Amino acid sequence: MNYTLDFTPVVEGLPSLLTACLGTFALAICGMLLATVIGIGGVVLRQSKIAPLRWLIISFVELIRNTPFLVQIFFIYFALPLTGIRLDPTPTAIIALGINGGAYAIEIIRGGVQSIPKGQMEAGLALGLHKGQVFRLIILKPALKAIFPSLTSQFVLLTLTTSIASAISAYELTSVSQRIESDSFRSFEVYFTVTIFYLVISWLMMRLFALFSARYFAYPVK
Amino acid sequence: MNDISTTVDSTHPMISMSGVEKWYGAFQALRNINISVEKGEKIVLCGPSGSGKSTLIRCINHLESYQKGVIRVGGIVLGHQAKTIDAVRREVGMVFQQFNLFPHLTVLENCMLAPLRALRLGKEEAEARARQLLERVKIAEQADKYPAQLSGGQQQRVAIARALCMRPQVMLFDEPTSALDPEMVKEVLDTMIGLAEEGMTMICVTHEMGFARQVADRVIFMATGAIVEEAPPAEFFSNPKHERTRKFLGEILGH
């Protein structure tokens, strides 16, 4: 092996790599917010009295969890325009990440809701609260607390999945690094650096979740 | 359309159940239940486990549905429509065996939640009411703690205060001391006795026969989903009429 490492192209590309990290971060945060909305909304519909709504959610979860993310994002980006829905790469990536993460979040949050003792619902109803209020004010927070570690790892995974959005050239770390790599042919240096960046992004994300958890779920349990 | 009354009317008994029957599939949980409870009356409901006593009181605030019969709370006929169920639940407080405090809310917030959200009181009024009732169950100094930081007895007293914050006309107690360590039973019973002395209408499912002797106007004994015997406590304990009642009393008082 007489390969000489040369980080010059990486150093020169550092400003664009760092901004691309922000792109990745933004994609991930937007994707997570959407996934959380879909997750909580999906759990509510999944418990609905109206059977077709339940079936809709069950089918959605099965469809998303049993197909590749790359195909899902291609479907939105390349196939949906034929129906007149034409989106830019970044919105496409956010929606795909949100839908994909949301399907997993539904199952995770549902597990949390099921872990809450029935007495909590009954106490709320006996106090004259409506079912919706009981879910929102009594069940949801303890349910999220119970499954927060699982949700954290799912969302770290979602963060890393943003790299697949490079396939439709969304603005994020992997697509920017591909550009630097194809201009310089410095594959090792570029992907070594990008690996470190992803590691830092994941770690930051976990810290963020831990901080959120310490703030929002601080109440003691037995 | 018939008019559905949703306000309590003082000319009716506080609670009446007539011909109430309930099944879980093929299993009959309640058989022809007829009870009338006047305002201010205290009823103790006892019986072996599985006799339907919890099911009975859970029908009164419609945590359980029933297939036959009529339940009235005040003048309100408890139908299966959301409107009458809501009206009844606002008048009927319930205390559970497992306390069922909300773990993510402080003691004060537990007490304020329903007045804020179900009665739509203002924040100040709800808080004043909550503090006053926490004072009454002698736990005001714990207002900012979370349920997990309290003992079982303290938690159950908070649960009583929480129910009272809705200013209910009736209180239902579903084995309120059964999950407590023995040394905490008294503080909860004392709270309940205090409530009884203030004239609250109460139905208590309990095996605390001392409590029954001291505060009950009537003791109702149930077995296999039916009311077997109903008498004032003095008579109930000294002169039970039915063999089933004697056997039950022998089992719980015999040691």
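What follows draws every value from the coordinates through simple rules; no lab data is involved. These figures come from a predicted structure and were not determined experimentally. Heads up, the Cβs are rebuilt from the backbone with ideal geometry, glycines too, and the neighbour counts pull from every protein chain shown.
One table, with the values for the structure above:
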read-out: Charge dipole magnitude, Cβ of K and R +1, D and E -1 - the range A:18-213, Cα centre, debye nearest 20; value: 840
read-out: A:GLN178-A:ILE58 FRET efficiency (beta carbon distance; Förster radius 35 Å; 0.05 resolution); value: 0.40
read-out: B:SER16, A:SER48 arranged by Cβ crowding within 10 Å, fewest neighbours leading; value: A:SER48, B:SER16
read-out: Relative contact order [Cα under 8 Å, 6+ residues apart], chain A, whole percent; value: 30
read-out: Segment A:ILE29-A:THR195, length gained on full extension (0.36 nm per residue, minus Cα span); value: 57.8 nm
read-out: Cα→Cβ-extended label distance, 7 Å offset, between B:ALA148 and B:HIS207, nm; value: 3.0
read-out: Span-rule helices in chain A, defined as complete DSSP H runs reaching 20 Å or more along the axis (Cα) with Kyte mean at least -1.0; value: A:8-46, A:51-65, A:89-114, A:140-161, A:187-216
read-out: Two-site label geometry, B:GLU124 and A:ASN2: point separation in nm, points 7 Å out along Cα→Cβ; value: 8.7
read-out: Over 24 Å between alpha carbons, listed pairs B:LYS145/B:LYS186; B:LYS39/B:LYS123; A:LYS49/B:LYS22; A:LYS141/B:LYS186; value: B:LYS39/B:LYS123; A:LYS141/B:LYS186
read-out: For the range B:80-92, 3J(HN,Hα) per residue [Karplus equation, 6.51 cos²θ - 1.76 cosθ + 1.60, θ = phi - 60°, Hz, x = Gly/Pro]; value: 9, 7, 4, 4, 6, 4, 4, 4, 5, 5, 5, 9, 10
read-out: Protection proxy ranking of A:5-12, A:187-194, A:169-176 - average other beta-carbon atoms within 10 Å, highest first; value: A:169-176, A:187-194, A:5-12
read-out: Cα-based equivalent ellipsoid, the range B:22-101: semi-axes from gyration tensor eigenvalues, Å; value: 19, 17, 14
read-out: Tail weight of P(r) past 29 Å, computed on alpha-carbon pairs of chain B, percent; value: 31
read-out: Under 18 Å from B:LYS83, Cα to Cα: aspartates and glutamates that are on another chain or at least 8 residues apart; value: A:GLU122, B:ASP3, B:ASP9, B:GLU64, B:GLU91
read-out: Antiparallel DSSP beta bridges within the range B:144-255, as percent of all bridges there, nearest 5; value: 50
